[in-house]
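Read the structure below first, then the notes.
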Amino acid sequence: MDPYTDELLDDANSSILFIANRPQVVMEHGEGMYVWDTEGKRYLDFIGGWAVTCLGHSPQVISDALLKQSGKLVNVSPAFYNKPMVEFARLLTKLTGLERVFFGSTGAEANESAIKLARKYGSVHKDGAYEIITTNRSFHGRSLATMAATGKAGWEQMFTPQVPGFVKVPFNDIEAIERAINRKTCAVLVELIQGEGGVYEVSFAYIQELRKLCSEHGILLIFDEIQTGIGRTGSMFTYEHYGVLPDVLTLAKGIGGGFPLSAMLAKEAYNLFDAGDQGGTYTGQPLAMAVGYAVVHEVIRRNLPQQAAEQGMYVLNKLHEIQALYGLTHIRGKGLLLAFDLPEPRGTELVSACLQAGLLINSPNPSTIRLMPALIVTKDEINEMMTILCRTMDQLFKK
């Protein structure tokens, strides 16, 4: 390790608040499917910034959008409309069929907005109902409210007392939802594919019944598509696979291609906030709006949802080819949000070994590996990923 990197790591380890066990490398630049550290080592990125860099690293369209907008208007205050805000809102509402949008900076902020809107709806139309049903193993963010909504094991003990009003039920269990609904229920919040939970998909029948159940009881159906939206699963939005439109939709990650950006969309009937109920300094910030518009437009122009579907199937086929050799199980996913289980709970070890070999992958739990590369990934890059992965697993799992 060279002296410059040593100095950077010393400063990082002594000045940045500890929140994660980060590897002792410092990333410096990226292009397409690759990132390079300060020592010039190249890594093939199959994490994609946690499903964020949908167009790959440092795409020209983001650079152009930032340059153009920064020369016009960087910030004006959320008290005013701005041109890129209106243009982006028009694009998203047209794409989703949901008439209203609120912009934020993070997925947690979008989900907080959805929680507030659901409780506002309960206050106005459901005699003060405030409870929101969520599912076990779900992940909705790291703010206090979204952590309380999250069904991740052990989180109910963190940062107590938790925000009340969230009822957890088993995933993909419509009868459990039905039993949980009572006069205090205002909404159901669900991921169509639980990304952080390990890439588990809802069934078609479950979502059909859930839509009916929410409509019958007059409660909001909220889809958290923070990780699955903007082409990730082979359609622009994952709910399109099921033919079900939610009442409220949350988006982040891929919507900004790496720029901090999120959105909550809702049907006109739920345009309920009074002035001052909701806001934020960077709501509809012009730079973010210009980037979001450019990213979503590029995803559409290049038909990247179809690309994700095709390349995702190629990855799945490649994983099935090596399944028996390495004892892999439960190969799963949709589009370019994929996962498989290991024969032993050594995910952290495999991730570390792949990092050393120049490949970035993720292990959401000790037995699972998750792959979520940029939507621009090619077959050549998938083949390279498989070569590195197999070479690494040869050391760990080959029978």
* Asked: When you scan segment 157-254 for strands (runs of 3 or more DSSP E) that lie fully inside it, which ones turn up with 1 or more residues that are among the basic types (K, R)?
  -> 166-169
* Structure fact -> Within segment 1-57, residues of a type in the set (S, T, N, Q) and modelled with pLDDT under 95 come out as T5, N13, S14, N21, Q24
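This table checks each residue for (1) of a type in the set (S, T, N, Q); (2) closer than 19 Å to M33 by Cα; (3) surrounded by fewer than 19 Cβ atoms within 10 Å (Cβ to Cβ).
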| position | (1), (2), (3) |
| --- | --- |
| P343 | no, no, yes |
| L350 | no, no, no |
| A357 | no, yes, yes |
| P366 | no, no, yes |
| R370 | no, yes, no |
| D380 | no, yes, yes |
* Look through segment 182-209, keep the residues that are over 22 Å from the mean Cα position of the chain (by Cα) and hydrophobic (A, V, I, L, M, F, W, C), and return whichever of them is surrounded by the fewest Cβ atoms within 10 Å (Cβ to Cβ). => A205
* Considering each residue of segment 366-378, count those that are touching a strand residue (DSSP E or B) at 6+ places or on another chain (Cβ under 9 Å) and either in a strand (DSSP E or B) or free of Cβ contacts under 8 Å to residues at least 40 places away in the same chain (or both), and give that number. => 5
* Test result for V25, touching a strand residue (DSSP E or B) at 6+ places or on another chain (Cβ under 6 Å), of a type outside the set (F, W, Y) and in a loop (DSSP other than H, G, I, E, B) -> yes
* To do: Give segment 113-132 a look and list any residue that's part of a loop (DSSP other than H, G, I, E, B), crowded, with 16+ Cβ neighbours inside 10 Å and charged (D, E, K, R), or say none.
  => K126
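Okay, residues lined up against (1) without any contact (Cβ under 8 Å) to a residue 12 or more places away in the chain; (2) touching a helix residue (DSSP H, G or I) at 6+ places or on another chain (Cβ under 8 Å); (3) basic (K, R); (4) in the same structural domain as G292 (by TED's automatic domain parsing):
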{"position": "G48", "(1), (2), (3), (4)": "no, no, no, no"}
{"position": "L55", "(1), (2), (3), (4)": "no, yes, no, no"}
{"position": "F102", "(1), (2), (3), (4)": "no, yes, no, yes"}
{"position": "G107", "(1), (2), (3), (4)": "no, yes, no, yes"}
{"position": "V124", "(1), (2), (3), (4)": "no, no, no, yes"}
* To do: Answer yes or no: is there a residue in segment 133-143 that is among the hydrophobic types (A, V, I, L, M, F, W, C), surrounded by 15 or more Cβ atoms within 10 Å (Cβ to Cβ) and in the same structural domain as L249 (by TED's automatic domain parsing).
  => yes
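Of the residues G276, G284, which single one is out of contact with any His (no Cβ under 7 Å at 6 or more places or on another chain), part of a loop (DSSP other than H, G, I, E, B) and surrounded by 18 or more Cβ atoms within 10 Å (Cβ to Cβ)? Before the answer, list the steps.
Values: G276 fails: surrounded by 18 or more Cβ atoms within 10 Å (Cβ to Cβ).
Selected residue: G284, the only one of G276, G284 that is out of contact with any His (no Cβ under 7 Å at 6 or more places or on another chain), part of a loop (DSSP other than H, G, I, E, B) and surrounded by 18 or more Cβ atoms within 10 Å (Cβ to Cβ).
Can we say L287 is in the same structural domain as L375 (by TED's automatic domain parsing) and aliphatic (A, V, I, L, M)? Steps first, answer last, please.
On the way: in the same structural domain as L375 (by TED's automatic domain parsing): no; aliphatic (A, V, I, L, M): yes.
No.
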* Structure fact -> Picking from Y270, Y314, Y293, Y326, the residue that is touching a residue at least 24 places away in the same chain (Cβ under 8 Å), outside the structural domain of S215 (by TED's automatic domain parsing) and in contact with a Phe, Trp or Tyr (Cβ under 8 Å, 6 or more places away or on another chain) would be Y326
* Asked: Considering L44, L66, L98, L55, which residue is under 23 Å from the mean Cα position of the chain (by Cα), part of a helix (DSSP H, G or I) and hydrophobic (A, V, I, L, M, F, W, C)?
  -> L66
* Structure fact -> Given (1) hydroxyl-bearing (S, T, Y); (2) more than 24 Å from C214 (Cα to Cα); (3) surrounded by fewer than 17 Cβ atoms within 10 Å (Cβ to Cβ); (4) at pLDDT 95 or above, S77 misses just (4)
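Does E344 qualify as being part of a helix (DSSP H, G or I) and either farther than 20 Å from A51 by Cβ or not assigned by TED's automatic domain parsing to the domain that holds D45 (or both)?
Numbers: part of a helix (DSSP H, G or I): no; either farther than 20 Å from A51 by Cβ or not assigned by TED's automatic domain parsing to the domain that holds D45 (or both): yes.
Criteria not met by E344.
The values are calculated or read from the model by the stated rules, or taken from the named source; none is laboratory data. For clarity, every value in this text was computed on a predicted model and none was experimentally measured. FYI the Cβ positions are ideal-geometry reconstructions off the backbone, even for glycines, and counts take in every protein chain you see.
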